[in-house]
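The values are calculated or read from the model by the stated rules, or taken from the named source; none is laboratory data. These figures come from a predicted structure and were not determined experimentally. All Cβ positions, glycine included, derive from the backbone under ideal geometry; neighbour counts span all protein chains shown.
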Amino acid sequence: MVTLDSLYPEGIRDVVFAPHAVTIDSLAILFTGSSEPKGINFLEEVDRLKLDSSQIQTLVRRIVEATLVQWADPKGKQFSAGGTWCSAMLAVRTYLADDRELYRRVLAATIVYHGGCSKDPVALLRAVIPQEEIAKMEQTEEDKNRLSGMMPDKSLQMVINHSLGYFTPDELGDLWRKMLQMRFWEGFLTSYITEWNGNLKIAGKYIEAQEVSRQCLVRDLRVLSKEHAYDPTRSKIEFTDERTMWQLEGLATHSWEWLRTTEGEECFEDLIVECMATGQVAKASAFLARLSDFSNRCSSANFSCERQKFDEPFFRLMRRAVDRAVETRAFGVATALAEYLGDTEKADELRQNARLYGQKVALDPIFITRASRG
């Protein structure tokens with residue numbers, strides 16, 4: 001005889017609720033090793049097994065526990081991009097609403113793993129907040145102009161406010177930072193990371209995310225040094241875009257504690273030197289010139305918009321870039337850098353190698369920022 005315990009025994013694994021269910025009618029049970037992509041409709045399974053209310057709760061609990069054991073791992077690949085947490089939230093909210101501890105565990109997993117994989121902030125809103133509450137939200141014209149129908153800060157702030165009913169501000173801050181870290185591991189563009197914390201507050205305080213800001217800054221500066229500025233994991237980063245330059249400036253500001261350490265200063269300068277050594281001096285100059293308010297926070301660089309204060313550290317890094325360009329056999333760039341620095345003797349020496357390798361003696365001479373088109 002087919003029973004609940006024979007099909008879904010206590011301790012069962014390899015079973016989840018199929019991703020992205022928004023109503024109980026659409027909720028489905030999915031065995032992760034099965035070839036059936038849609039799974040078994042939950043209500044039909046309840047009817048087939050003739051389960052009473054207590055048994056329905058047992059079934060939900062076993063599936064949710066199986067999901068927590070298998071997929072609550074930030075370094076593990078999430079099942080169907082984390083969408084199963086949306087369905088688990090729906091099931092717990094519907095059938096086990098009185099189990100506060102289980103709800104907390106599923107909510108925490110949803111924030112970290114569903115939020116860690118979702119490009120659209122509204123996806124996390126729909127996973128956490130009941131549909132009837134979302135329908136009551138007033139939408140501004142700015143909201144309606146978004147394809148998803150909701151601005152990120154409004155939808156995510158609603159998630160935060162709801163979650164504060166289950167976590168302390170410190171607990172929620174830790175969860176949010178784990179989620180941002182996961183978004184970095186997933187290879188999201190920086191703009192898809194910073195919009196998940198930029199204007200958001202937990203109990204009146206902006207979310208602190210220095211570690212992820214540091215990682216994004218280092219990654220984006222590495223891209224900045226390339227002639228064709230592509231992020232290999234996602235799509236093109238436009239460093240002629242005003243919004244991107246503003247974003248880099250913000251990342252540097254948020255990473256100021258790290259940049260004041262020896263490790264941070266050395267890493268930052270190495271990235272700028274690498275940028276110059278590939279000939280992208282205009283890019284490096286444009287970015288560093290934006291850090292006028294940053295001079296007191298980065299003691300070794302001491303960049304300032306005042307020309308006399310800007311030149312000294314800039315030329316110091318350019319001299320290092322000459323040596324770096326030679327190391328990578330970019331003799332044309334090294335020659336052009338030496339000429340710009342007025343070291344004509346070194347430039348003449350390097351020019352011979354540039355000719356030997358057929359390399360153009362030139363730098364990227366122009367860098368024009370343009371206003372973001374949104």
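Key figures
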{"item": "Among the candidates GLY83, GLY11, residue that is loosely packed, with under 12 Cβ neighbours inside 10 Å and among the small types (Gly, Ala, Ser)", "result": "GLY11"}
{"item": "Qualifying residues in segment 248-291 (those that are closer than 14 Å to PHE314 by Cα and free of Cβ contacts under 8 Å to residues at least 24 places away in the same chain) - the one nearest to the chain's Cα centre (by Cα)", "result": "ASP270"}
{"item": "Residue that is modelled with the lowest pLDDT [pool: residues in segment 135-166 that are surrounded by 15 or more Cβ atoms within 10 Å (Cβ to Cβ), polar (S, T, N, Q) and under 20 Å from ILE202 (Cα atoms)]", "result": "SER155"}
{"item": "Members of segment 165-206 that are outside any helix (DSSP H, G or I), among the aliphatic types (A, V, I, L, M) and either without any contact (Cβ under 8 Å) to a residue 40 or more places away in the chain or touching a helix residue (DSSP H, G or I) at 6+ places or on another chain (Cβ under 7 Å) (or both)", "result": "LEU200, ILE202, ALA203"}
{"item": "Considering residues of segment 26-55 that are β-branched (Val, Ile, Thr) and within 17 Å of ASP14 (Cα to Cα) only, the residue nearest to the chain's Cα centre (by Cα)", "result": "THR32"}
{"item": "Check on GLY39, on the phi > 0 side of the Ramachandran plot and in contact (Cβ under 8 Å) with a residue 12 or more places away in the chain", "result": "yes"}
{"item": "Positions within segment 56-112 being within 28 Å of the chain's Cα centre (by Cα), touching a residue at least 12 places away in the same chain (Cβ under 8 Å) and not in a helix (DSSP H, G or I), in sequence order", "result": "ALA72, PRO74, LYS75, GLN78, GLY83"}
{"item": "Yes/no for LEU43 being surrounded by fewer than 16 Cβ atoms within 10 Å (Cβ to Cβ), among the aliphatic types (A, V, I, L, M) and assigned to a helix (DSSP H, G or I)", "result": "yes"}
{"item": "Hits in segment 167-181 (condition: over 22 Å from the mean Cα position of the chain (by Cα) and surrounded by 15 or more Cβ atoms within 10 Å (Cβ to Cβ))", "result": "PHE167"}
{"item": "LEU49 more than 25 Å from ARG183 (Cα to Cα), at pLDDT 95 or above, out of contact with any helix residue (DSSP H, G or I) (no Cβ under 6 Å at 6 or more places or on another chain) and surrounded by fewer than 18 Cβ atoms within 10 Å (Cβ to Cβ)", "result": "no"}
